[in-house]
Protein chains: 2
Amino acid sequence: MSYVHGYDDRESERLHDQAGALVELLHGDTSYPAGARVLEAGCGVGAQTVTLSARSPKARFTSIDVSAESLAVARGRELPNVELRQADLFTMPHETFDHVFVCFVLEHLPDPVAALARLKTMLRPGGTITVIEGDHGSAYFHPETAAAHEAIQCLVALQAAAGGDSLIGRRLYPLVRDAGFEDVRVSPRMVYVDGSRPDLIDGFTRRTFTAMIEGVREPALARGMIGAERFDAGIADLHRTAADDGTFSYTFFKAVGTNVVEADDLAGSGASFGD
Amino acid sequence: MSYVHGYDDRESERLHDQAGALVELLHGDTSYPAGARVLEAGCGVGAQTVTLSARSPKARFTSIDVSAESLAVARGRELPNVELRQADLFTMPHETFDHVFVCFVLEHLPDPVAALARLKTMLRPGGTITVIEGDHGSAYFHPETAAAHEAIQCLVALQAAAGGDSLIGRRLYPLVRDAGFEDVRVSPRMVYVDGSRPDLIDGFTRRTFTAMIEGVREPALARGMIGAERFDAGIADLHRTAADDGTFSYTFFKAVGTNVVEADDLAGSGASFGD
């Protein structure tokens, strides 16, 4: 399932490009105050950690991942205010954080609400959770072709077979709410690319989205999901949308929820709301 | 083709609701200076004209439509700075305007570039065109069902059979550029609806989008595009997305282009750029 985790160099490179091109869109409104203790759950190779920690230089991040290989890549980065730790969210010792940040993680989990509920137990009263996910069903483009959508569908099906959901972005609102968070606010972050935006043509259409779909060629063919010729035609069609007269649209979703605790629960705890 | 034009009362009501809920999203960045002469091409029942003229009270609008019935509805509105005129874009006498505004019109035309090029001839040098269109292929939601997409596809197919393209939003950039406009800038205007936005659940998911799809029941069934039971299931599924744990996404596209004229063409004309 190498397409899911991002261990290899090419995948690391892709995730890094993506983080570069989309930083402002995804992270622009996230910063944590001095001294805040923030848990980043599922940091992977640290693609988001770089931005997260740089935007909140006086917050203290604990970035966890189950994969030692991913963490090894992350350790190669400049992350002065981050403690990288190999840990599984569900079995790590209990600890309380002011805020939690989760990006491109829930899409891989068979029970995202359970993960969110577990994260809620690690938040102080009044603490917030921020969740960012993509939604591969939000991709549409010009020119449209059936082959391009069939190639995309290979990734969707592989992720589903691995227990994930790559159409999860549109579901963030009910998921975060079902986990018990309140004041849940979801905002879409749409990437729209046309001939007037060559940086996004290269950084997003080609090197992020199309590269990601190209990355599932081997497992998709191995499982007989699609023929090689058809898959390659779909990839060529995706590259065609990167021409000067093509367009490409994709939407990420960002949710923020609060761990509101009832007044009764707080009696004598000395906990306070807000930062 | 009554679903295309919006003559009847129910359709007028729908277009009016839509204008109300989406005014800020679509029109927020459009206003014209005092004295500017603005052509609104294809004003229909005046659903956009109301907002357009109210936001630029000192501009002078000429709003044209081919349909006397639509104009009769528009004449019932408060439009102090608007001259409503029954005219066909391609045959109306030549006249020059400072700006042109076209909303929800190109989707119905077999040759949108020809219409845009014709509009360009009616613009002064340096004048702008503003185009707003939807894109029914941008609709996705939770829960997703095949029946809902099949019902939507009926409208797409009917519009295509009538020579239009209800997936035109994503193509605005190449279309406006192909018509000869320069400095073309397209921005998506995404409507995202979840349980925290009851006004949009009612105003957009139910009363705009789902009502629009419901409106093609009769022609879709008459043409044998879909069975009655399946269509109704699709509509029920669209209403289901309006529940508290559902979500709905749709994107409009807005393009602005400029009628740049080469220095040679301007020699001795006394025309100046900008307002």
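The values are calculated or read from the model by the stated rules, or taken from the named source; none is laboratory data. This is a predicted model, so every value here is computed, not measured. Here the Cβ is made from the backbone with ideal geometry for all residues, glycine too, and neighbour counts use every protein chain on show. Accessible surface is based on the protein model in full, side chains and every heavy atom, while ligands, DNA and RNA are left aside. Shrake-Rupley method; radii C 1.70, N 1.55, O 1.52, S 1.80 Å.
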*How many of the residues in region A:120-136 are in contact with a Phe, Trp or Tyr (Cβ under 8 Å, 6 or more places away or on another chain) and away from chain B (no Cβ under 14 Å)?*
10
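When you scan region B:45-59, how many residues do you find that are part of a loop (DSSP other than H, G, I, E, B) and either of a type in the set (V, I, T) or open to solvent by 10 Å² or more (accessible area, probe 1.4 Å) (or both)? Outline the logic, then answer.
Here is the first cut: in region B:45-59, the ones part of a loop (DSSP other than H, G, I, E, B) are B:45-46, B:56-59.
Okay, now just the ones that are also either of a type in the set (V, I, T) or open to solvent by 10 Å² or more (accessible area, probe 1.4 Å) (or both), so B:45, B:57-58.
Number of matching residues: 3.
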*asked:* Take B:S196 and tell me if it is of a type in the set (S, T, N, Q) and within 16 Å of the chain's Cα centre (by Cα).
replied: no
_Every residue in region A:121-135 that is out of contact with any Asp or Glu (no Cβ under 9 Å at 6 or more places or on another chain) and over 16 Å from A:Y173 (Cβ atoms), please._
A:T121
_Residue under evaluation B:T62, criteria (1) at pLDDT 95 or above; (2) in contact with a helix residue (DSSP H, G or I) (Cβ under 9 Å, 6 or more places away or on another chain); (3) buried (at least 18 other Cβ atoms within 10 Å of the Cβ), criterion not met_ = (2)
*Would region B:226-247 turn up any residue that is facing chain A (nearest Cβ under 9 Å), farther than 28 Å from A:V193 by Cα and of a type in the set (S, T, N, Q)?*
no
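In region A:65-74, what residues are touching a residue at least 12 places away in the same chain (Cβ under 8 Å) and either loosely packed, with under 13 Cβ neighbours inside 10 Å or assigned to a helix (DSSP H, G or I) (or both)? Step through it out loud before you land on a result.
Taking region A:65-74 as the starting set, the residues that turn out to be touching a residue at least 12 places away in the same chain (Cβ under 8 Å) are A:65-71, A:73-74.
If the condition is that a residue be touching a residue at least 12 places away in the same chain (Cβ under 8 Å) and either loosely packed, with under 13 Cβ neighbours inside 10 Å or assigned to a helix (DSSP H, G or I) (or both), then A:A68, A:E69, A:S70, A:L71, A:V73, A:A74 are the ones that fit.
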*Please state which one of B:R197, B:R170, B:R189 is free of Cβ contacts under 8 Å to residues at least 24 places away in the same chain, within 14 Å of chain A (Cβ to nearest Cβ) and not acidic (D, E).*
B:R197
*Of all residues in region A:97-133, count the ones that are in contact with a strand residue (DSSP E or B) (Cβ under 9 Å, 6 or more places away or on another chain) and part of a loop (DSSP other than H, G, I, E, B).*
3
_Qualifying positions in region B:134-151 - assigned to a helix (DSSP H, G or I) and open to solvent by 10 Å² or more (accessible area, probe 1.4 Å)_ = B:H136, B:G137, B:A146, B:H149, B:E150
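Being in contact (Cβ under 8 Å) with a residue 12 or more places away in the chain, within 14 Å of chain B (Cβ to nearest Cβ) and more than 19 Å from the chain's Cα centre (by Cα) narrows it down to one of A:F97, A:F141, so name that one. Write out each step before concluding.
Details: A:F97 fails: within 14 Å of chain B (Cβ to nearest Cβ).
Being in contact (Cβ under 8 Å) with a residue 12 or more places away in the chain, within 14 Å of chain B (Cβ to nearest Cβ) and more than 19 Å from the chain's Cα centre (by Cα) holds for just one of A:F97, A:F141, which is A:F141.
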_So, restricting to helices (runs of 4 or more DSSP H) that lie completely within region B:166-223, which ones have at least 2 residues that are open to solvent by 50 Å² or more (accessible area, probe 1.4 Å)?_
B:172-178, B:217-222
_Conditions (1) more than 14 Å from chain B (Cβ to nearest Cβ); (2) in contact (Cβ under 8 Å) with a residue 12 or more places away in the chain; (3) more than 23 Å from the chain's Cα centre (by Cα); number of the one not met by A:V216_ = (3)
